[in-house]
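Reading through the structure tokens given below for one structure.
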Amino acid sequence: MIEKYRTHYSKEIGKKEYNSIVSVAGWIEDIRNLGSIAFVILRDKQGTLQVTCLKKDDKKLFEKLVSLPRESVISVKGICKENEKVRNGYEILPKEVEILSISDKPLPMGVVDKTGIEFETRFDNRFIDLRKIEIQAIFKIRDKVIDSAKDFLRKNDFIEVHTPKIIASASEGGTDLFKVKYFEKNAFLAQSPQLYKQMLMATGLDRVFEIAWYFRAEKHNTTRHLNESTAVDIEMAFINSEEEVMKILENMTLEMWNAAKTCKEELEILDIDLEKINVPFKRVTYDEVIELLNERDHKIEWGADFGSKEESIIGKIMEEENEVFYFITKYPLEAKPFYTMPYEDMKYSRSFDLGCKGLEIASGSQRIHDKNLLIERIEKCGLNPKDFESYLKAFRYGMPPHGGFGFGIERFLMQLLKLKNIRECILFPRDRTRLIP
Ligand code: AMO
């Protein structure tokens, strides 16, 4: 038995290790057996390395190695030798090999095969798909940007909270909810932490954020929608206007973008050159967008929300102005959920969406904190205040002015990394037809 399966990852090996014993471990990516010599390409978290096995040195070990199917997991203890002809500049001459797991044959899909693999095959075998360095790069960047968002929010006095995901009433007042049986009652999976993050504003915690999963029973199957997605949500109290929330949002986005920039190796693997972005992001009002759309002969009824067609035209206009990110502000009140704060005219709302290259990645607003106005708006939106009693209670005993936003993590990553399908940005996507793996 090899006492330590791995003493070094592939990229940790350098001149210092030459002519000494190392242990490496990973998946067999390829075996080239030339009869008297075999080259085994071993893949670990950092990359690949070459194990060079000579039959004359140890026939039994040679036979053992070359008989293994691709993607089997082994640990190799051997001498590290400098070799300029090998990509890493070194090779491992094995002394001991331990087989940790033998892969079945044939593989459902290859890891390095260049032949195009069907999208569905990739996602049916996501654990193998995730062995590809370009797929891993997406999730390493994802980790980095989420970490930077948390870091930024904590530095700005936000604390991380976790609110229930099994809820009794619709957070957004919509119909896109998954119903679940909750003992004798019916419940729903949360489509947003909206009502809870607002209730927390009645506590004195003042600034909260949550990074969690949300569930939306949207039936359409598009490249920009998931039925289970993740988001960064924030809520902040004692604000004068939605502008303060937008400032947090644009600065958080900038931090995340710049954090991604530090992932040089991953960006190179993905062949992405990130644009330089600056704050403040451009702000255009809903009415200005309608005008811009009109100028491009695209008519849309005033009051309607923008669909993917409109979003993409807006994205192109912004691109012409070299704007990667842009806010669309002052939406008609009727286009936004009941909790959105109206302007005095009751025609427009203190709301905004954050767009990035033709896709909405976040939305938010100042909220109504007056209980009577809130009830009025709930009714106007065709909902029953009775269904919101426990939420409304938080507005009866001291609720400061507040606002917040929801920021779609997969949507952001999709635009950041120029990926065509949102499913690429989540490990195990849930869509209209996919529930496994
Ligand atoms: P909204 O419904 O706009 O706002 O959602 C916020 C952000 O979440 C992302 N998103 C999605 N991503 C993938 N698939 C989906 N089906 C999906 N739905 C939404 C988008 C979107 O901008 N409560 C408000 C936020 C707030 O006002 O604080 C809300 O949920 O990037």
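If you go through the stretch 7-44 and keep only what is open to solvent by 70 Å² or more (accessible area, probe 1.4 Å) and farther than 23 Å from K105 by Cα, you end up with K11, E12, K15, K16, N19, I21, S36.
Considering the stretch 45-70 alone, what residues qualify as being farther than 15 Å from V97 by Cβ, free of Cβ contacts under 8 Å to residues at least 60 places away in the same chain and open to solvent by less than 50 Å² (accessible area, probe 1.4 Å)? Matches in the stretch 45-70: T48 only.
Going by the structure shown, is I290 β-branched (V, I, T) and crowded, with 17+ Cβ neighbours inside 10 Å? Taking the combined requirement at face value, the residue satisfies it.
Only one of R131, R154, R142 is surrounded by 14 or more Cβ atoms within 10 Å (Cβ to Cβ), of a type in the set (K, R) and more than 24 Å from Q415 (Cβ to Cβ). Can you tell me which? Result of the check over R131, R154, R142: R131.
Restricted to the stretch 180-208, and to residues there that are out of contact with any strand residue (DSSP E or B) (no Cβ under 7 Å at 6 or more places or on another chain) and surrounded by fewer than 20 Cβ atoms within 10 Å (Cβ to Cβ), the residue that is nearest to P385 (Cα to Cα) is M199. Which residues, counting only those in the stretch 72-90, are among the charged types (D, E, K, R) and surrounded by 20 or more Cβ atoms within 10 Å (Cβ to Cβ)? Once the filter is applied, which keeps residues that are among the charged types (D, E, K, R) and surrounded by 20 or more Cβ atoms within 10 Å (Cβ to Cβ), the stretch 72-90 yields only K77.
The number of residues in the stretch 90-148 being outside any helix (DSSP H, G or I), at pLDDT 95 or above and acidic (D, E) comes to 4. For the stretch 157-167, the set of residues classified as without any contact (Cβ under 8 Å) to a residue 40 or more places away in the chain and open to solvent by 80 Å² or more (accessible area, probe 1.4 Å) consists of I166 only.
Put simply, of E210, E184, E228 the only residue that is touching a residue at least 12 places away in the same chain (Cβ under 8 Å) and over 25 Å from R367 (Cα atoms) is E228.
For the stretch 19-34, the criterion of a residue being farther than 14 Å from I99 by Cβ, touching a residue at least 24 places away in the same chain (Cβ under 8 Å) and part of a helix (DSSP H, G or I) is satisfied by no position.
Okay, residues lined up against (1) in contact with a strand residue (DSSP E or B) (Cβ under 6 Å, 6 or more places away or on another chain); (2) closer than 25 Å to T222 by Cα; (3) modelled with pLDDT under 95:
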{"position": "I317", "(1), (2), (3)": "no, yes, no"}
{"position": "F325", "(1), (2), (3)": "yes, yes, no"}
{"position": "K330", "(1), (2), (3)": "yes, no, no"}
{"position": "Y343", "(1), (2), (3)": "no, no, no"}
{"position": "G355", "(1), (2), (3)": "yes, yes, no"}
{"position": "L359", "(1), (2), (3)": "no, yes, no"}
{"position": "I368", "(1), (2), (3)": "no, no, no"}
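Using the structure shown, decide if L177 is at pLDDT below 95, open to solvent by 20 Å² or more (accessible area, probe 1.4 Å) and in contact with a strand residue (DSSP E or B) (Cβ under 7 Å, 6 or more places away or on another chain). Yes; evaluated as a whole, the condition is true for this residue.
The values are calculated or read from the model by the stated rules, or taken from the named source; none is laboratory data. Every value quoted in this text rests on a predicted model; they were computed, and no experiment measured them. Using ideal geometry, Cβ is built from the backbone for each residue, glycine included, and neighbour counts are taken over all protein chains shown. Heads up: the accessible areas ignore ligands, DNA and RNA and are worked out on the full protein's heavy atoms, side chains in. Shrake-Rupley method; radii C 1.70, N 1.55, O 1.52, S 1.80 Å.
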